[in-house]
Amino acid sequence: DTEVTQTPKHLVMGMTNKKSLKCEQHMGHRAMYWYKQKAKKPPELMFVYSYEKLSINESVPSRFSPECPNSSLLNLHLHALQPEDSALYLCASSQEFRGEQPTGELFFGEGSRLTVL
Amino acid sequence: AQTVTQSQPEMSVQEAETVTLSCTYDTSESDYYLFWYKQPPSRQMILVIRQEAYKQQNATENRFSVNFQKAAKSFSLKISDSQLGDAAMYFCAYRSPYNNNDMRFGAGTRLTVKP
């Protein structure tokens, strides 16, 4: 199984709503990522989890709250978002470099297209 | 932080011809990974090819090959015998093994393949 599964594929929410994006992988990867991608732009790193601990937070506003409940799951909780937060949110996973022989690449999900009204 | 630069926002190639996409990067590290990812309109990021910095031999995957020049910090992608399905955004990416699994992307090059 070499897939990263993201749900939902599309999400429309109001600025007062609370919603969550979910990501799952069963490749035994211990590093998991959230990226934000605006149209015609590269993915921008938001968060990295390493062994279920947050290792990188790229100064993301607190209205985005990541969670890594176990080694296979990654959530992104959304609350009080702004219209400018509308984007494609990509989840990815990879082997951890520590103590492994990694191939180095990230495996990406298909993304969750978020629209904030 | 490392930076990745793709200086060609758009490129066009005739079907069956060869095209080269450019990428340069800035780093002080001696060991790292470089990648080319493809993102078609379907939006999923797909790995095209990878290169470990410690390997001198250029990576090759079927019609895709790279020209890795470590001293010049250059990592270009050559697509031979271009096909209509190669049309996509191509992103060059740098990954450090030292910085909490950080991975950074260039701005991307949109490749159009003309029939």
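Screening region A:87-112 for residues that are surrounded by fewer than 17 Cβ atoms within 10 Å (Cβ to Cβ) and farther than 15 Å from A:SER50 by Cβ and picking the one that is nearest to the other protein chains (Cβ to nearest Cβ) gives A:THR103. Here A:GLU58 does not qualify as open to solvent by 70 Å² or more (accessible area, probe 1.4 Å), in contact (Cβ under 8 Å) with a residue 40 or more places away in the chain and not hydroxyl-bearing (Ser, Thr, Tyr). Restricting B:THR27, B:THR5 to residues that are more than 9 Å from chain A (Cβ to nearest Cβ) and open to solvent by less than 30 Å² (accessible area, probe 1.4 Å) narrows the list to B:THR27.
Considering region B:1-16, and only residues there that are assigned to a strand (DSSP E or B) and in contact with a Ser or Thr (Cβ under 8 Å, 6 or more places away or on another chain), the residue that is nearest to A:LYS40 (Cα to Cα) turns out to be B:GLU10.
Do the conditions hold for A:LEU88, that is, is it closer than 30 Å to B:SER7 by Cβ and in contact (Cβ under 8 Å) with a residue 40 or more places away in the chain? Judged against the criteria, A:LEU88 is a match.
This table checks each residue for (1) over 19 Å from B:MET103 (Cα atoms); (2) under 12 Å from the mean Cα position of the chain (by Cα); (3) at pLDDT below 95.
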| residue | (1), (2), (3) |
| --- | --- |
| B:GLN44 | no, no, yes |
| B:ILE49 | no, yes, no |
| B:TYR54 | no, no, yes |
| B:GLN57 | yes, no, yes |
| B:ASN67 | yes, yes, no |
| B:SER80 | yes, no, no |
| B:GLN83 | yes, no, no |
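All of (1) of a type in the set (S, T, N, Q); (2) open to solvent by 80 Å² or more (accessible area, probe 1.4 Å); (3) modelled with pLDDT under 95 hold for B:GLN14 with one exception: (3). Tell me which residues, restricted to region B:44-55, are open to solvent by less than 30 Å² (accessible area, probe 1.4 Å) and either closer than 13 Å to A:PRO102 by Cβ or at the interface with chain A (Cβ under 7 Å from one of its Cβ atoms) (or both). Listed by number, the residues that qualify are B:MET45, B:GLU52.
Note on region B:79-115: residues that are away from chain A (no Cβ under 14 Å) and either surrounded by 16 or more Cβ atoms within 10 Å (Cβ to Cβ) or under 22 Å from A:LEU90 (Cβ atoms) (or both) amount to 6. Among the residues examined, A:ARG63 does not qualify as open to solvent by 30 Å² or more (accessible area, probe 1.4 Å), more than 23 Å from B:MET45 (Cα to Cα) and either under 11 Å from the mean Cα position of the chain (by Cα) or at pLDDT below 90 (or both). Taken over region A:1-53, the residue count meeting the criterion of being in contact with a Pro (Cβ under 9 Å, 6 or more places away or on another chain), open to solvent by 60 Å² or more (accessible area, probe 1.4 Å) and either of a type in the set (Gly, Ala, Ser) or within 11 Å of A:LEU74 (Cα to Cα) (or both) is 2.
The values are calculated or read from the model by the stated rules, or taken from the named source; none is laboratory data. Remember, predicted model here, so these are calculated numbers, not experimental data. Reconstructed Cβ throughout: ideal geometry from the backbone, glycine too, with neighbour counts over all protein chains shown. Each accessible area value is taken on the protein alone, full model and side chains, heavy atoms only, with ligands, DNA and RNA left out. Shrake-Rupley method; radii C 1.70, N 1.55, O 1.52, S 1.80 Å.
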